[in-house]
Amino acid sequence: MRHFLNTIDWSRDELQALLDRARLWREGESGRPLAGRSVALLFLNPSLRTRASFEVGVHELGAHAVVLEPGKGAWGIEFETGVVMDGDAEEHIAEVAGVLSRYCDAIALRAFPLFKDWQEDRQDKVIRSLAQYASVPVINMETIVHPCQELALMRTVQDHIGSPVGKTFVLTWTWHPRPLNTAVANSALLIASKFGMNIRMLIPDEAYRLDEQFMDAADRQCEASGGSLEVTTAIESAYSGADFVYAKSWGALPFYGRPDEEAKLREPYRHFIVDEEKMALTDNARFSHCLPLRRNIKATDGVMDADYCVALDEAENRLHTQKALMAELIG
Ligand code: CP
């Protein structure tokens with residue numbers, strides 16, 4: 001039995017096989033390889049794309065989706081081991097995972113970090129405890145990484161710029177009114193490094209470096225794939241000659257759990273917005289974002305409405321890549 005908790009545990013060839021299969025699904029491959037099966041989708045946080053693409057994907061594979069929102073229509077869950085459960089949670093992940101494993105053929109979970117203590121959140125304990133107690137495959141629908149988004153991103157990169165090897169991938173931080181999860185930024189680093197891209201990570205301040213477990217993993221993957229990772233605060237040179245620009249906002253980890261202090265650090269950097277002038281510095285690059293995106297905050301209307309914006313293609317590819325993933329894990 002195999003889980004999909006992050007892409008570090010999967011080889012590039014295994015991931016490429018999923019991407020190839022996803023293209024076949026997109027091109028109209030038919031069949032219901034999961035007929036009669038069921039997949040539990042647990043959402044501890046809101047979603048539009050993840051929920052819709054998983055529900056539709058499960059349906060198109062012939063299976064049934066059981067969508068649960070613990071704490072809201074389903075009992076709240078305790079994820080810590082050995083605690084006295086005298087708080088709000090009504091049941092433990094041990095029983096939740098055990099019960100759902102008896103009904104369903106896979107369990108997918110979205111559980112954002114709690115934004116209080118990064119030393120705690122960086123251990124990704126919630127999805128790991130689900131994987132520990134489940135006897136069916138577990139799929140990460142976003143915790144401190146977003147591996148399903150990685151598949152959609154790499155499918156989109158390959159669709160639009162061909163082989164990613166040696167291509168320049170700009171991961172640019174952008175301003176946002178509040179500090180956001182680092183998951184998609186971590187994931188963008190992981191997938192671009194796995195596939196041999198030359199990554200320029202553009203940040204406004206050293207405080208926006210990502211957690212060392214992901215920076216180190218990206219370095220290791222670059223070494224294996226022939227890619228490279230450069231961290232820079234220089235906007236013009238970061239965009240210059242780029243092949244693919246990927247935007248995301250995230251909070252500064254040294255200020256994790258202290259949003260008011262982090263806001264002061266972030267405030268001078270609204271000009272990191274992706275705009276037409278910056279995109280003009282690239283080598284006819286494509287632009288994408290995982291969505292949701294606040295227009296004229298993270299990227300201008302001009303960028304979002306340009307032909308080079310492939311964010312909707314990436315969102316569509318969530319459906320096809322997740323179908324490939326579920327067929328592989330369950331089928
Ligand atoms: N990109 C993404 O995961 O979107 P949702 O948060 O809407 O699911």
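Please go through (1) in a strand (DSSP E or B); (2) open to solvent by less than 10 Å² (accessible area, probe 1.4 Å); (3) more than 17 Å from HIS146 (Cβ to Cβ) for GLY196 and return the number of the only condition it doesn't satisfy. Going through (1) in a strand (DSSP E or B); (2) open to solvent by less than 10 Å² (accessible area, probe 1.4 Å); (3) more than 17 Å from HIS146 (Cβ to Cβ) one by one, GLY196 breaks only (1). Only residues that are more than 16 Å from the ligand (Cβ to nearest atom) and open to solvent by less than 10 Å² (accessible area, probe 1.4 Å): list them for the range 280-322, please. ALA285, VAL303 - these are the residues of the range 280-322 that are more than 16 Å from the ligand (Cβ to nearest atom) and open to solvent by less than 10 Å² (accessible area, probe 1.4 Å). Within the range 208-228, the residues that satisfy the criterion of being in a helix (DSSP H, G or I) and open to solvent by 40 Å² or more (accessible area, probe 1.4 Å) are GLU212, GLN213, ASP216, ASP219, ARG220, GLU223, ALA224.
Return the residues of the range 275-308 that are under 29 Å from HIS59 (Cα atoms) and either free of Cβ contacts under 8 Å to residues at least 60 places away in the same chain or aromatic (Phe, Trp, Tyr) (or both); say none if nothing qualifies.
Selection gives HIS289, LEU293.
Taking the range 48-101 as the range and being touching a residue at least 40 places away in the same chain (Cβ under 8 Å), open to solvent by less than 30 Å² (accessible area, probe 1.4 Å) and of a type in the set (S, T, N, Q) as the test, the residues that pass are THR50, SER53.
The set of residues in the range 110-157 being more than 21 Å from ARG21 (Cβ to Cβ) and within 13 Å of the ligand (Cβ to nearest atom) consists of ARG110, ALA111, PHE112, GLU142, THR143, VAL145.
Listed conditions (1) farther than 24 Å from GLU328 by Cα; (2) free of Cβ contacts under 8 Å to residues at least 24 places away in the same chain are all met by SER11, apart from (1). Filtered by the rule that a residue be open to solvent by less than 30 Å² (accessible area, probe 1.4 Å) and out of contact with any Leu (no Cβ under 8 Å at 6 or more places or on another chain), the range 102-118 gives CYS104, PRO113. Screening VAL136 on (1) aliphatic (A, V, I, L, M); (2) surrounded by fewer than 24 Cβ atoms within 10 Å (Cβ to Cβ); (3) more than 27 Å from GLY331 (Cβ to Cβ) shows it passes everything except condition (3).
Within the range 108-124, residues that are farther than 19 Å from LEU68 by Cα reach partners that are of a type in the set (Phe, Trp, Tyr) with beta carbons closer than 7 Å, at six or more positions or on different chains, in the pairs PHE115/TYR256; TRP118/TYR256. Could we say that ALA22 is open to solvent by 40 Å² or more (accessible area, probe 1.4 Å), of a type in the set (Gly, Ala, Ser) and either within 16 Å of the ligand (Cβ to nearest atom) or assigned to a helix (DSSP H, G or I) (or both) here? No: the conditions fail for ALA22.
Which residues, counting only those in the range 235-256, are open to solvent by 40 Å² or more (accessible area, probe 1.4 Å), touching a residue at least 40 places away in the same chain (Cβ under 8 Å) and over 20 Å from ASN296 (Cα atoms)? The answer is SER240, PRO254, PHE255. The listed residues are LEU24, LEU18, and the only one of them that is within 25 Å of ALA217 (Cβ to Cβ) and hydrophobic (A, V, I, L, M, F, W, C) turns out to be LEU18.
Does the range 42-51 hold any residues that are part of a helix (DSSP H, G or I) and more than 8 Å from the ligand (Cβ to nearest atom), and which are they? Matches in the range 42-51: none.
The values are calculated or read from the model by the stated rules, or taken from the named source; none is laboratory data. Computed from a prediction, not measured in an experiment: that's the story for all the values here. Every residue, glycine among them, receives a Cβ derived from its backbone with ideal geometry; neighbour counts consider all protein chains shown. Side chains are part of the model used for accessible areas, which takes the heavy atoms of the whole protein and leaves out ligands, DNA and RNA. Shrake-Rupley method; radii C 1.70, N 1.55, O 1.52, S 1.80 Å.
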